[in-house]
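Chemist: Got a structure here, written out as structure tokens. Questions coming.
Each value in this text was obtained by applying a stated rule to the coordinates, not by laboratory testing. Please read these numbers as outputs of a predicted model, since none were measured by experiment. Here the Cβ positions follow ideal geometry from the backbone for every residue, glycine too, while neighbour counts run over all protein chains shown.
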Amino acid sequence: MTNALRLELAGRGVRVAGPHVGYTDTEMTAAVTGPKTDPAKIARLAADGIESDSYEILADDVARRVRAELSGGVAALYPALP
């Protein structure tokens, strides 16, 4: 959806930035035991990314790892699949 909006709005001079984040430390993720990022940090990174005209904002290690693994296809993302 982000890429579709990016293409649709580019001709109007609107730049669409997509923040990518693993878990943010909120009430919704209270039961998650893995690493979580402070929402204030996510907000700062998003604002910095928008200011620097970034298309993608990779906010944490989880987002960076997933982004790197995308080139490996489904098998790299989900090794448990047969």
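Chemist: Between LEU77 and SER54, what is the label-to-label distance in nm when each label sits 7 Å out along the Cα-to-Cβ direction?
Modeler: Taking the two extended label points, one gets 2.0 nm.
Chemist: Same structure again: DSSP loop (so not H, G, I, E, B), at most 15 other Cβ within 10 Å: list which trypsin sites (Lys or Arg not before Pro) in segment 1-63 pass both filters.
Modeler: Details: sites: ARG6, ARG12, ARG15, LYS36, LYS41, ARG44; in loops: ARG12, ARG15, LYS36.
Taking segment 1-63 and a limit of 15 other Cβ atoms within 10 Å, the loop trypsin sites (Lys or Arg not before Pro) found are ARG12, ARG15.
Chemist: Order these by the 10 Å Cβ neighbour count, fewest first: SER54, SER71. Before the final figure, lay out each step's value.
Modeler: On the way: SER54 16, SER71 7.
Fewest-to-most ranking of SER54, SER71: SER71, SER54.
Chemist: Another question, if that's okay. For the pair ASN3 and THR26, how long in nm is the line joining their label points, each one 7 Å along Cα→Cβ?
Modeler: Here the answer is 2.5 nm between the modelled labels.
Chemist: For the chain, what does -39500 (n - 2.57) per DSSP helix run (n ≥ 4), summed and divided by total residues, give at 222 nm, in deg cm²/dmol to the nearest 500? Before the final figure, lay out the partial values.
Modeler: Details: 4 runs with 36 residues, N = 82.
Dividing the helical sum by the residues of the chain leaves -12500 deg cm²/dmol.
Chemist: Now, a different point. Can you sort LEU77, LEU58 from fewest to most other Cβ atoms within 10 Å of each residue's own Cβ? Intermediate values should be presented prior to the final figure.
Modeler: Numbers: LEU77 12, LEU58 20.
Fewest to most other Cβ atoms nearby, the residues stand as LEU77, LEU58.
Chemist: Please report the base-10 log of the normalised intensity I(q)/I(0) for the chain, using a Debye sum with one equal scatterer per alpha carbon and no solvent, at each q in 0.14, 0.20, 0.23, 0.25 (1/Å).
Modeler: Those come out to -0.61, -1.02, -1.11, -1.15, one per q.
Chemist: With springs only between Cα atoms under 10 Å, which of ALA31, ALA43, ALA59 fluctuates most in a Gaussian network model of the chain?
Modeler: Fluctuation is largest for ALA31.
Chemist: Do you know the relative contact order of the chain, to the nearest whole percent, from alpha carbon pairs under 8 angstrom that are 6+ apart?
Modeler: Working: 77 pairs, mean separation 23.3, N = 82.
Value for the chain: 28 percent.
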